[in-house]
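Notes follow the structure.
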Amino acid sequence: MRVRQQFMMIGVMLLMAGCSGAGGSPTTSATSPVNGLPTFSFSQPTDAPQIATAGATLAVKADATADVVSLDPQAVERGKGRYEVLDCASCHGAGGEGTDKGSSLLTYSANQEAFITFMRSGGKLGAAHQYATNRLSETGAANLYQYLRSLQGQ
């Protein structure tokens, strides 16, 4: 029992020393006019910095008629690789022109976000166009989108 009381007393002393400011300096030097204890003010945190990621290779600009996509040649090339690996050509044709199995991709007009959502959910087509991130990463989907837009001559 005596040892427990000693530990409690040490804990209380440490707590009091920490609150008194004896071990370090407070973040502000202002003190309360009422009791002389240090007061602290809240500083609004700054916004997190914007960090460029590998998936952020697409710049979209608003146009009066449609979205104009600035194509990154490296992303287009990687997107072509995704198009081949996922065997998109078996239904949509080697150049996205469409076949009797699948529609043409040359008139596809969705933005990148809608395209990636479609590739994740399969949309109305279901599982035939549903790709999990282990088959089509965010970057891979962005690159595939770039490739499809390059087929449209953008």
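The values are calculated or read from the model by the stated rules, or taken from the named source; none is laboratory data. Worth saying up front: this structure is predicted, and the values here are computed from it rather than measured. Because the Cβ atoms are built from the backbone with ideal geometry, glycine has one as well, and the counts that use them run over all protein chains shown.
In segment 93-113, the condition of being among the β-branched types (Val, Ile, Thr), within 25 Å of Ser70 (Cβ to Cβ) and assigned to a helix (DSSP H, G or I) is met by no residue. The sole residue among Gly96, Gly81, Gly102, Gly123 that is in contact with a helix residue (DSSP H, G or I) (Cβ under 6 Å, 6 or more places away or on another chain) and surrounded by fewer than 19 Cβ atoms within 10 Å (Cβ to Cβ) is Gly102. Within segment 93-116, the residues that satisfy the criterion of being of a type in the set (Val, Ile, Thr) and under 22 Å from Gly81 (Cβ atoms) are Thr99, Ile116. Applying the criterion of being surrounded by 14 or more Cβ atoms within 10 Å (Cβ to Cβ) and out of contact with any Phe, Trp or Tyr (no Cβ under 8 Å at 6 or more places or on another chain) to the residues of segment 126-141, the residue that is farthest from Leu71 (Cα to Cα) is Gln130.
When we screen Leu144, Leu148 for residues that are in contact (Cβ under 8 Å) with a residue 60 or more places away in the chain, outside any loop (DSSP other than H, G, I, E, B) and touching a Leu at 6+ places or on another chain (Cβ under 6 Å), the only hit is Leu148.
For segment 54-68, the criterion of being at pLDDT 50 or above and either in contact with a strand residue (DSSP E or B) (Cβ under 8 Å, 6 or more places away or on another chain) or surrounded by 11 or more Cβ atoms within 10 Å (Cβ to Cβ) (or both) is satisfied by at least one residue.
Kindly evaluate Thr133 against the criterion of being within 21 Å of the chain's Cα centre (by Cα) and either assigned to a loop (DSSP other than H, G, I, E, B) or among the hydroxyl-bearing types (Ser, Thr, Tyr) (or both). So Thr133 passes the test. Among residues that are part of a helix (DSSP H, G or I), on the phi < 0 side of the Ramachandran plot and not hydrophobic (A, V, I, L, M, F, W, C), Arg120 is included.
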